[in-house]
Structure formats: structure tokens, C-alpha cells
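Below you'll find the structure, written out as C-alpha cells, and then a few comments.
What follows is calculated from the coordinates using simple rules that are stated; it is not laboratory data. What you see is a predicted model, and the numbers here were worked out from it, not measured in a lab. Counting neighbours? That spans all protein chains shown, and the Cβs are built from the backbone with ideal geometry, glycine included.
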Amino acid sequence: MTARRARGPLSGSVRVPGDKSISHRAVMLGGLAVGETRVSGLLEGEDVLRTAAAMRALGARVTREEDGTYVIHGRGIGGLAEPEDVLDMGNSGTAARLLAGILAGHRLFAVLTGDASLRRRPMRRVIDPLTAIGASFWSREGGRLPLAIQGAESPLPADYTVPVASAQVKSAVLLAGLAARGISRVVERTPTRDHTELMLRSFGASVTVHALPDGGREILLRGQPELAGRPVTVPADPSSAAFPAVAALLVPGSSVTLEGVGMNPLRAGLYETLAAMGADIVIANRREEAGEPVADLTVSSSPLEGVDVPPERAPAMIDEFPILAVAAACASGTTRMRGLAELRVKESDRLDAIATGLAAAGARVAIEGDDLIVEGSGAPPKGGALIETRMDHRIAMSFLVLGQVTEEPLRIDDGGFIDTSFPGFAQLMRGLGAAIDEA
């Protein structure tokens, strides 16, 4: 795919696809609930469709109606069936880690695998706490997929402090705790996205959250609830909205409205950072959908200034650093993004992928430890490079956005993975006025 300088301002009003994190959880909890769950606005990207296929293989009934609504008839906690085949989670670390938590609490045997990228990502971070509740695991060296799981005979309640800021690890432990008698306790030193806690409550689980004096959170879950099926409306994904938002900021004269974007405070770090850089973002029509705060964002082109992004903000924008780095490359002054160790174990080593891609495009960029430093000149870098995406959808989309303002076109080596999180990305961006060509 090739991105060329946009011929004019970007404009229009669009709704990006549904939130990926919430979509995964809606399908999984629908499969664990008793009765019918109807999900509207579900992200129909490959990652979420893999989750739906896995829940079908475990005995839940998951069907799609003509209007795009997904209807799920669940099996109840402890009621999932042993799958007849390996569960292939594609490129989705969220699906693999959360499903490992569910499987650990069921008395069945299952095997998880994924594509080449997912098979390189660490699973030890969920294997260790799930072993403590009574499940058994067999994996490749380093805790890599494929991963065989024998669920616990009698799951024990968890008492676990998450060593890294990871909503996936926290969620895996909580989902395993659903099958245990008693109260599971999970402590996170740095708050991460709380979609699992919010959705568990909405399905009828007892979840209590306490703020800790050191800024962390204690989450208490009472096990063996009867989850009840319910309607779920999935907000537009704030991580996906970030790409047209930054494009609108960078292309002169642009103004784009993004409808129904999820504004969970534990996901809004990018928009907080862009505002500090001088971005013109108007937030309107605040409301609530599926227990989540939602709003419409109007983003207009703005000159940006470099900022220092503190490490404690990283969990609230962990998926948005590639597109923030693109904005930083076009800003005036230095942007330093701190504490990005988690980026090294995403779909790719995103920290290295961002720096390598920006340098190829002509930007001044450096990595110091777990920090990314981008030196902006107040103008876009020259471009004219082929960007290696490393099977990473967010790297691909970020550089297609950067290509809208570089002097020379930017090409990416593979755009196929974009559909894992943002089906129709190129078409939506072209509808706003972006110049993206597909080979």
C-alpha cells in the first residue's frame, strides 16, 4: 500500500469500528452467561471473529443477524464443552490470554495457537498466575504458543499482584476466578483499562474496586456468580479513532468528526497527550453506552508542540504510541515517551518498529532504554521510504497516516494485517480525503 500527500483538507463525519477490547469481552462473557446476549456494534475484525469462533468451538451458540447484531446463547460458568480441535487465535494476544483464563477455570483440555506473530509473544505472564489456581500448562520454550491447557478440577480463588501494567493479565486472572469458590483478589500497581470489571458487573458479577494509597487498585471478584445474558452496545474504538484524528491534526485545513468514541479515562491517554501538544479537539455529546463513557470528537488541524509523556500514562495509551510518534515527528520540538517496555512484546517489537520506520522516513528519532525520543522540526519528515510493518496493524496504519503529509510517498510492505482491528480502514480514510493506494 502507498500513502501520498493528501490533495486537500480532510473532512467529514465518520464512526470507526467498534472497540476491540470491549468486543472480545462481550463475546466471551456472552458465552459464559445464561440466556441470550445481543451485541450491536461488534468489531468484525479478524481478531474478534477468532474469539467468536473459539466460543463456538467451546459450545456457545454465536450467530450474526442481517443488521450486524451478534446473538450469543451462553453455556453458563463451568458449562463450556471441550473443543474437538486446536483453537487458533490468529494475531490476537487479547483473545489468547483472556481465553486462557476462562479455560483455566473449566475442567477440560484445550490447545491454543496463533499466527507467527502471536507464537512469538510471551504467555508466561498468564501461565504463572493461572497455574496457582490449579490449571496445568504445556508450552514451547519461554511460555510461547502453542499452549496446551488442562483446566483446574476445583479452581482456587486467586490472590495475585500483577507485576506488569497489563489489562490482559489482570483480566485472565479475573475470568479464571469466575469458576472458583470464594473471592479472588487482583492488585495492579498501575491502573489499566477496566473494561473487564465494568462488563462483569453489567452481566451480574460482584466486583469491588478499591483505590490503594500508592495509586494502584485492588479488585475483588466473588466467584461462581450466575451471569445473565444482556444487550451490549459496543462504542467506537478510541485506538482506531486515533488514526483519522491524527491525520486531521496534521493535514492543513482539516476538520473531522468522529462519532461515538469510547472515552474511558483508562483509555484516554492519547487524547490527553495530544491536547497538551496543542491539538484542537472538541468533545461533545457525552453519554454512556454499555457502561462506558462515550462522546463525539471534532478534530481540526493544529500546530503541535513536543511534550514529555510520563511513564504512568503509558497504560492508558499503550496501543497509541505508534500514531503518537507520527504526530511527534511533525511537531515542533522534542517529544519523549517514557516507560515503553511493554511495546517490545506487542504484535511486533513496536518500540524498534516505530523508531526504524520513522528514521527511514527521514525523522530524527532515538531509543534510550525504554524511552522513545522524537525530535520534531515543525514540519513533516521527507518520506520516500518502504516501511517494514512486521505483521503489525498499528505500525501499518500509522505510517499510512504519516504519508498524508510527507513530501514523498510512503509505502508499507504489508497492509493485510490492518483488518485484524480496523476493517475498511483505507476506504474510510479515502472517504475523508486521504490518498491511500492499494497494490
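Based only on other Cβ atoms within 10 Å, what is the fewest-to-most ordering of Thr196, Thr356? Please report the intermediate quantities before stating the final value.
Numbers: Thr196 30, Thr356 17.
Going from least to most buried by this count: Thr356, Thr196.
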Go through segment 187-193 residue by residue and turn each phi into a ³J(HN,Hα) via Karplus (6.51, -1.76, 1.60, θ = phi - 60°); whole Hz please, and just put x for glycine and proline.
10, 10, 6, 10, x, 10, 3
Proxy reagent accessibility, fewest Cβ within 10 Å first, across Ile354, Ile127, Ile281:
Ile281, Ile127, Ile354
If the label point is 7 Å along Cα→Cβ of Arg107, which residues in segment 75-89 have backbone nitrogen under 18 Å from it?
75-83
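Cα-Cα pairs above 38 Å in the chain: how many percent? Display every interim value, and only then the final one.
Details: 18700 of 96141 pairs.
Here the long-distance tail beyond 38 Å is 19 percent of all Cα pairs in the chain.
Figure the gain on full extension for Asp414 and Ala276 (residue separation times 0.36 nm, minus the Cα-Cα span) and round it to one decimal in nm.
On the way: separation 138, 0.36 × 138 = 49.68 nm, distance 3.29 nm.
Here the answer is 46.4 nm.
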Please compute the modelled spin-label separation between Thr2 and Ala341, points set 7 Å along Cα→Cβ, answer in nm with one decimal.
4.3
Residue span Ser255 to Glu153: 0.36 nm per residue of separation minus Cα-Cα distance leaves a gain in nm of 31.1 nm
Sequence neighbours fewer than 8 away in the same chain don't count; with that in mind, list the lysines whose C-alpha is under 30 Å from Lys170.
Lys20, Lys346
Order by protection proxy (mean Cβ within 10 Å, highest first), peptides 52-60, 236-244:
236-244, 52-60
Arrange the following residues from fewest to most other Cβ atoms within 10 Å of their Cβ: Lys20, Lys382.
Lys382, Lys20
Please report the base-10 log of the normalised intensity I(q)/I(0) for segment 116-214, using a Debye sum with one equal scatterer per alpha carbon and no solvent, at each q in 0.13, 0.20, 0.25 (1/Å).
-0.49, -1.07, -1.39
